[in-house]
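Chemist: Below you'll find the structure I mean.
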Amino acid sequence: MTDTEFKGRDVDLKYVFGVLILWAGVGIIGLIFISLFNGSTVYFLGYIFPVVMIPLGIYLMKTSRSATAVGESYTAGMVYRSFRP
């Protein structure tokens, strides 16, 4: 099982880099669509890089120490905002 006990300012870099890689891949795809609307051509190899980055970012986020299921994240957020279900 993974260790979820954090000591001080212990940051899970696997999760942080997963988020950064995921959003960079999504941003590249967004820029590709914007350039298509401007009339430029996009090569097929331009799509491979973000398509690899997005699953890699999701994988890094889900295999990190602080990865939780969606329902658990929602409940933790509610408790953080002082609302206990």
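Chemist: Gly25 - would you say it is under 20 Å from the mean Cα position of the chain (by Cα), surrounded by 13 or more Cβ atoms within 10 Å (Cβ to Cβ) and either among the aromatic types (Phe, Trp, Tyr) or at pLDDT 85 or above (or both)?
Modeler: yes
Chemist: Kindly establish whether Tyr47 is part of a helix (DSSP H, G or I), aromatic (Phe, Trp, Tyr) and in contact (Cβ under 8 Å) with a residue 40 or more places away in the chain.
Modeler: Criteria not met by Tyr47.
Chemist: Let me ask another. For a quick check of your reading of the model, give me the residue pairs whose first member lies in the range 19-35 and is more than 11 Å from Tyr47 (Cα to Cα), whose second is outside any helix (DSSP H, G or I) and among the aliphatic types (A, V, I, L, M), with beta-carbon atoms closer than 7 Å and at least 6 apart or on different chains.
Modeler: Ser35/Val42
The values are calculated or read from the model by the stated rules, or taken from the named source; none is laboratory data. Since this is a predicted model, take the numbers as computed values, not measurements. Quick reminder, even Gly has a Cβ in these numbers, built from the backbone with ideal geometry, and neighbours come from all protein chains shown.
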